[in-house]
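Visitor: Can you read through this structure? Questions will come right after.
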Amino acid sequence: MRNKMLTGCLSGIFCLWGCTSAPQFDYGSMGGESKVLELAVSDLKKYVSDAGNREKVFEFEVTDSLPEGEFGFSCDGKGKVIFRAGDAMGVTHAVYTYLEKMGYLFDLTGTSVPEHWAKAMTEPFDTLIKPDIRWRGIRQHVNFPMDISSYTLEDAKEYIDRLVRMRFNKLTIHSYPGQWYETYFGDSLSLAGNYFYGNKHVMYDNAFLQEKIKDNDSLFCIPEAERLKDNPQANSKFALSWMKALIDHAKSRGLYVQFSFEPRVTTVEQTVATVNDLLKTYPDIDALELITEETGGWGAGCTRKETEATLNRFFEKPVATDSAVTAPIQDKQSDLNTLYMQIGIISKAIKQLNQGRAGHPEFKLGIYSSITPYTKGAYRLARLALPETKICLMSSHGSEGTAQALPSVVVSPQDRKMTEIYSWIEFDGLMYLYQNSIGGNEKMMQWLSESSDSGVSSVLFNHWRTAESRTSARFVAEATLDGGLSAERFYRNYADRLSIADKDRLMEAMQLVNRADVFATTNLGNIGFCWMGAWGNGGSYTWMSKDNIDHARKMYLDAGNLLKEILEKTEKGTEAYHYLAFVCNRVLCSVLYLDAFREAVNIQRFNGQDQTEDSQAQIREICDKALLIFDQYMAKHAEMLEDRGCEGTLVSVWNSPIRGLKIYRSRLGGVPMDGPSSLDAVDAPPLPIVYE
């Protein structure tokens, strides 16, 4: 990846320790070198040298004496370090705990070591980490241009390595239909390789994009896939091979890998057939998750009679009539019948799949619902129908909503043991804004810590962008190890690790961004949604509230001013300066994005009426002003293209909100559309986002 790996202080460390002999590696109880330890050993060789001209010995010990998930290390101060855990992955995390103690800082963006932190472990030291959460990691939807589904395979593998260095141990890959798996529907084969729901993110109509995006010619996607754009069969095979190689790499690094897909409203037989197709493609996954479609109040209408009929069709009477299951049923409503039907299909499919199998991979039922009363009923339904099956639960949008919803859904100790929680590092409805989810995840971890006697054992976090998610990802990496970690302690420690002097001001700025994030998620929903279809008929300019835009903008602007003050007092070229400069850049981009929207929503006073020449002229003026601000957004964003995902965001802005505004300019202002349309999607998120 093109992000900087800031290790400029390494030479100084090597000189401090001496360079007269190479470290030795003793695999002792492991019975020889371990493939899982390969990355950690490589980093030890890279980042450490002899202490005081004494030969350093690193010993790796897998022992049954440590409870599952615990890891640690001890050093005698004379040159010997022993890493120990119950398995090779734990030993790997013990290595990175040691390197963190030395001063290395592991983030999604790479490895850094601010100068005053660089130190050798020359004194006796012993530590044992007892993670609050046994399984900690990331959920990747791999469905938008800014996530790893636009990366080269090598860059995506490097992303996986960074997760390992951050001491995550689990990865869920979710695939929407047509993206990362092939399956038969009768005699018809549904192909993979329809990246980003099949929407083509073009660049050839924008010279600025062509200048900034170096690895594609006209179509933004995995660079190696661009040449296959006119060969669906070959492109499908490429997508499968790319994902299989990524999963194999994650497995080789010791990550627990879970694959997720949506059976949707289909037959049990088709669901089982799709599972079998998936397992042929990805035979080495640890678990397969069958998850419901997102439920949020925009689905098909249903009646009480229809919903009760669905319950009676798929479930035994004690389950179908359970009071918690029936509580959300109303005479007329949306979504609930579909949600219950999908749980019925999935539960029957899992029961059938478990018959005669050896238990690998493990099958799990997932629920994605942002309507808490529905979530309560659906969760209870799944727990009753499959009491021995893990439930994967995505209970809201954003970390704040997740923290609020969980305690009323996952109630009993047994429920907590059988639940895998999905929270958020960032929300895809605000993708063009800089986000900070730490507050909500802090609340969630506090709730989990209070419940740790029974313990939720698995928590994973959604995110798409890499560089923009650096701070929030670092927080959850630490907080899932130490459930008592407060946001304040994290900000101060992180500022110290980065050698940022003004910790108070940094914390104030990041808390402002956090508040803006929460406010925008609730009051500006989908103002930055990155699915092209959300803007296919123009988008949310005709209904988004200017007052809410102003409120969010002020918080971002205030945060930016605080960050600018810190940046001006920070030495250029340092890790602190680079970090602050990037956050400043993205906060300013957020202000510009909201500025563009603030100008564009002025078309609302003309919407729904016959246009005169005068009104068309006013509409054109409004749209042109907003488009000029979008140009400023793109230019500012392009000043810091830290990774492939940053490029994807740039391409996405051009193909989504900017194109949407041009659609309104054409429809209301009479300006012919320029550039190609690429909305020939094969699938779409189940959201109310194609506005008429």
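Visitor: What ranking do 83-89, 187-193 get when scored by the average of other Cβ atoms within 10 Å per residue, highest first? Show your work: numbers first, answer last.
Guide: Numbers: 83-89: 21.7, 187-193: 16.0.
Final packing ranking: 83-89, 187-193.
Visitor: Still on this model: Want the number for K317 to E571: 0.36 nm per residue separation, take away the alpha-carbon distance, what's left?
Guide: Length difference between fully extended and current span is 84.6 nm.
Visitor: Holding the Cα-Cα limit at 18 Å, pick out from K157/K200; K101/K503; K46/K244; K212/K636 the pairs that are longer than that.
Guide: K157/K200; K101/K503; K46/K244
Visitor: Then there's this: Please report Rg (one decimal) and Dmax (integer) in Å for the Cα set of the range 526-639.
Guide: Cα radius of gyration and Dmax of the range 526-639 are 17.1, 57 Å respectively.
Visitor: Using a simple spin-label model with points 7 Å from Cα along the Cα→Cβ vector, what separation in nm is obtained for T152 and L128?
Guide: Those two pseudo-labels are separated by 4.5 nm.
Visitor: Determine ³J(HN,Hα), in whole Hz, for all residues of the range 287-294 in sequence, where each value follows from phi through the Karplus function 6.51 cos²θ - 1.76 cosθ + 1.60 and θ = phi - 60°; x replaces Gly and Pro.
Guide: Each residue of the range 287-294 in turn: 8, 10, 9, 9, 10, 5, 5, 4 Hz.
Visitor: Run the quick spin-label model on Q609 and E211: label points 7 Å from Cα toward the beta carbon, then report their separation in nm to one decimal.
Guide: The modelled label-to-label distance comes out at 4.1 nm.
Visitor: Collect residues whose amide H, placed 1.01 Å from N in the peptide plane, falls under 5 Å from the amide H of I129; neighbours closer than 5 in sequence don't count.
Guide: F71, G72
Visitor: Quick one: divide the alpha-carbon radius of gyration of the range 347-425 by 2.2 N^0.38 Å and tell me what you get.
Guide: 1.13
Visitor: Per residue of the range 532-549, what does 6.51 cos²θ - 1.76 cosθ + 1.60 with θ = phi - 60° give for ³J(HN,Hα)? Whole Hz please, x for Gly and Pro, Karplus curve as stated.
Guide: 4, x, 5, 10, x, 10, x, x, 8, 4, 7, 9, 5, 7, 5, 4, 5, 4
Visitor: Using +1 at the C-beta of Lys and Arg and -1 at the C-beta of Asp and Glu, which of L228, T521, A509 has the Cα lying farthest in the positive direction of the dipole of the chain?
Guide: T521
Visitor: How long is the gain from E362 to S190 if the chain were fully straight, where each residue apart is worth 0.36 nm and the alpha carbon distance is subtracted?
Guide: Using 0.36 nm per residue and subtracting the Cα-Cα distance, I get 59.4 nm.
Visitor: Right, next: Going by average Cβ neighbours within 10 Å, how do the peptides 501-512, 343-354 rank, with the highest at the top?
Guide: Answer by packing, highest mean first, reads 343-354, 501-512.
Visitor: At 1.4 Å probe radius, can you tell me the per residue accessible area of the chain in Å²?
Guide: Accessible area per residue: 36 Å².
Visitor: Sort 30-38, 147-155, 526-534 for me by packing, meaning the mean count of neighbouring Cβ atoms within 10 Å per residue, highest on top. Mind showing how you got there, number by number?
Guide: Working: 30-38: 14.4, 147-155: 21.6, 526-534: 24.2.
Most protected by this proxy first, the peptides run 526-534, 147-155, 30-38.
Visitor: Under 5 Å between amide H atoms, partner at least 5 residues away or on a different chain: which partners does V671 have, H built in plane at 1.01 Å?
Guide: S666
Visitor: How many angstrom lie between the Cα centre of the range 108-177 and the Cα centre of the range 579-649?
Guide: 33 Å
Visitor: Taking amide H positions as placed in the peptide plane 1.01 Å from N, state which residues far from C392 in sequence (5 or more) or on other chains have amide H under 5 Å from it.
Guide: So C392 has HN proximity to L365, G366, I367, E420.
Visitor: At 222 nm, what helix-only mean residue ellipticity would the chain give, in deg cm²/dmol to the nearest 500, using -39500 (n - 2.57) for each DSSP H run of four or more? Mind showing how you got there, number by number?
Guide: Values: 24 runs with 315 residues, N = 692.
Mean residue ellipticity at 222 nm (helix-derived): -14500 deg cm²/dmol.
Visitor: Could you list the residues of the range 191-212 with an amide nitrogen less than 19 Å from a label point located 7 Å from the Cα of S666 in the Cα-to-C-beta direction?
Guide: In the range 191-212, the label zone of S666 (backbone N under 19 Å from the point 7 Å along Cα→Cβ) covers 199-207.
Visitor: Give me the orientation-averaged projected area of the Cα convex hull of the range 411-535, in nm², one decimal.
Guide: Averaging across all directions leaves 8.7 nm² for the Cα convex hull.
Visitor: Follow-up. For the chain, give the magnitude of the charge dipole about the Cα centre (Cβ charges: +1 Lys/Arg, -1 Asp/Glu; no others), in debye to the nearest 20.
Guide: In debye, rounded to 20, the chain gives about 480.
Visitor: Could you give P(r) for the range 526-591, binned at 10 Å from zero, as whole percent values over all Cα-Cα pairs?
Guide: Cα pair-distance distribution for the range 526-591, in percent: 19, 34, 26, 17, 4.
Visitor: Could I ask something else about it? Indicate, rounded to the nearest 5 percent, the antiparallel portion of the DSSP beta bridges found entirely in the chain.
Guide: 30 percent
The values are calculated or read from the model by the stated rules, or taken from the named source; none is laboratory data. Since this is a predicted model, take the numbers as computed values, not measurements. We place every Cβ from the backbone using ideal geometry, glycine too, and count neighbours over all the protein chains shown. Areas reflect the complete protein model, heavy atoms only, side chains present, ligands, DNA and RNA absent. Shrake-Rupley method; radii C 1.70, N 1.55, O 1.52, S 1.80 Å.
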